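Have a look at the structure below, then the notes.
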Amino acid sequence: MSDHKNIRERIRDAVSSRTALAIQGGGSKHFYGRTTQGETLAVGDYRGIIDYTPSELVISARAGTPLAELETRLAEQGQMLPFEPPHFGDHATLGGTIACGLSGPRRPWAGAARDFVLGVNCISGNGEYLRFGGQVMKNVAGYDLSRTLTGSLGTLAVLLDIHLKVLPRPETSTTIRQSCSAAAALQRMNQWAGKPVPLSGGCYMDGHLTVRLSGTTAGVQAAADKLGGDIFDSQETFWEDLREQHLDFFTGDTPLWRLSVPPASAPLELDGDWLIDWGGAQRWLRTGLPASTIRAAVATVGGHATLFSGGDRDSDVFQPLPPALLALHQRIKHTFDSAGILNPGRMYPAL
């Protein structure tokens, strides 16, 4: 559907007939979230860069725009999407990226996807054309609903046009690698996070702490000399493979869990294979342990756990919500999609 009017008409027809719709862009993130039932609402043809002003560090594009196309355009001007979003396939779109709200290795130091969304135009589940935010940083009074839509997995509205803040690419980057234990790696990363070190990536796997430094040539070199370790020559391949889950760690059929915890938390005593990312704040776990066991352990440190891929997609993929918070989500869902037709159950059974 290349015209948003057609999308709006389809949604209004679905509201009238109480027909559930499963939104589909490029399909690269289809695995993420719970299984969604409903007729396919294909929106990948609604694509194209609307406006790009490099001097203002702002780009606007339609939701179906391929993520690779957007990043290529930015790279031509020496700019980038700061949150380093994963693609998970050649057909990744901007809309799917924002709807999933996923960010890559740079996220703890640059910000999350929602931090760079200036505004969105969308069609709610009630068939209403809505606009939130805009193309400049300070144009919103009150609560910015464009950030609520980021990460909502299409359960509230179909994204149409998305306005993003971008940043210049760093002058240079280098990656160092040190051999140490997981506990030592977490201690080092948290110590460095409190110092003027140009961190842009911090990962621990297989007995090695791998750290990326990005910024000016002089600043990066000084930081690398101070932190020590071996220069890792395969840095570009490594960070891309980490972002896209192409590392050997991510292969296999064992369920993959994404644990979000305070970065200084000690290693959790859970059986399985571990990879620590985001300087300790994001921890990947491959295990066959029950969800209840994993979530109970994560709760002891104030975190939460998501069944990222594999396993039972009809179960509680995301951390179950407390009753009061679930009620708030239900009220927001009803406001945007009173008939409950958009991606029903994609996040939680009751949404």
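The values are calculated or read from the model by the stated rules, or taken from the named source; none is laboratory data. Please read all numbers here as calculations on a predicted model, not as lab measurements. Cβ atoms come from the backbone with ideal geometry, glycine included; neighbour counts cover every protein chain shown.
Values for this structure:
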quantity: Selection status of Arg346, within 21 Å of Pro86 (Cα to Cα) and either over 18 Å from the mean Cα position of the chain (by Cα) or among the basic types (Lys, Arg) (or both); calculated: yes
quantity: Qualifying residue in the range 260-272 (condition: out of contact with any Phe, Trp or Tyr (no Cβ under 7 Å at 6 or more places or on another chain), at pLDDT 95 or above and farther than 28 Å from Arg212 by Cβ); calculated: yes
quantity: From Leu242, Leu209, residue being within 20 Å of Ser179 (Cβ to Cβ), among the aliphatic types (A, V, I, L, M) and within 20 Å of the chain's Cα centre (by Cα); calculated: Leu242
quantity: Residue in the range 249-281 that is nearest to Tyr204 (Cα to Cα), counting only those that are of a type outside the set (Val, Ile, Thr) and free of Cβ contacts under 8 Å to residues at least 40 places away in the same chain; calculated: Asp273
quantity: Residue ID - farthest from the chain's Cα centre (by Cα), chosen from residues in the range 135-172 that are of a type in the set (S, T, N, Q) and modelled with pLDDT of 95 or more; calculated: Thr172
quantity: Matching entry among Pro82, Pro108, Pro66, Pro86 (being closer than 29 Å to Arg258 by Cα, buried (at least 23 other Cβ atoms within 10 Å of the Cβ) and in the same structural domain as Thr148 (by TED's automatic domain parsing)); calculated: Pro82
quantity: Leading residue by the ranking (surrounded by the most Cβ atoms within 10 Å (Cβ to Cβ)) among those in the range 193-239 that are part of a loop (DSSP other than H, G, I, E, B) and on the phi > 0 side of the Ramachandran plot; calculated: Gly229
quantity: Positions within the range 245-271 being touching a Lys or Arg at 6+ places or on another chain (Cβ under 7 Å) and closer than 16 Å to Ser181 by Cα, in sequence order; calculated: none
quantity: Among the candidates Phe132, Phe88, residue that is over 14 Å from the mean Cα position of the chain (by Cα) and hydrophobic (A, V, I, L, M, F, W, C); calculated: Phe132
quantity: Top-ranked residue in the range 298-331 [being polar (S, T, N, Q) and more than 17 Å from the chain's Cα centre (by Cα); ranked as modelled with the lowest pLDDT]; calculated: Ser315
quantity: Residue tally, condition surrounded by fewer than 14 Cβ atoms within 10 Å (Cβ to Cβ) and either modelled with pLDDT of 95 or more or farther than 29 Å from Glu76 by Cα (or both), over the range 1-11; calculated: 2
quantity: Residues of the range 98-115 satisfying the condition of being closer than 26 Å to Leu41 by Cβ and either of a type in the set (Phe, Trp, Tyr) or without any contact (Cβ under 8 Å) to a residue 40 or more places away in the chain (or both); calculated: Ser103, Ala113, Arg114
quantity: Scope the range 16-27; condition farther than 15 Å from Tyr46 by Cα and surrounded by 20 or more Cβ atoms within 10 Å (Cβ to Cβ); matching residues; calculated: Leu21
quantity: Any hit, the range 177-191, residues being part of a strand (DSSP E or B) and either basic (Lys, Arg) or in the same structural domain as Tyr32 (by TED's automatic domain parsing) (or both); calculated: yes
quantity: Output for the range 288-329, where each listed residue is over 15 Å from Met347 (Cβ atoms) and in a helix (DSSP H, G or I); calculated: Ala291, Ser292, Thr293, Ile294, Arg295, Ala296, Ala297, Val298, Ala299, Pro323, Ala324
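For every residue, the table says whether it meets (1) of a type in the set (Asp, Glu); (2) not in a loop (DSSP other than H, G, I, E, B).
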position: His30; (1), (2): no, no
position: Arg34; (1), (2): no, no
position: Gln37; (1), (2): no, no
position: Thr40; (1), (2): no, yes
position: Asp45; (1), (2): yes, no
position: Tyr52; (1), (2): no, yes
position: Ala61; (1), (2): no, yes
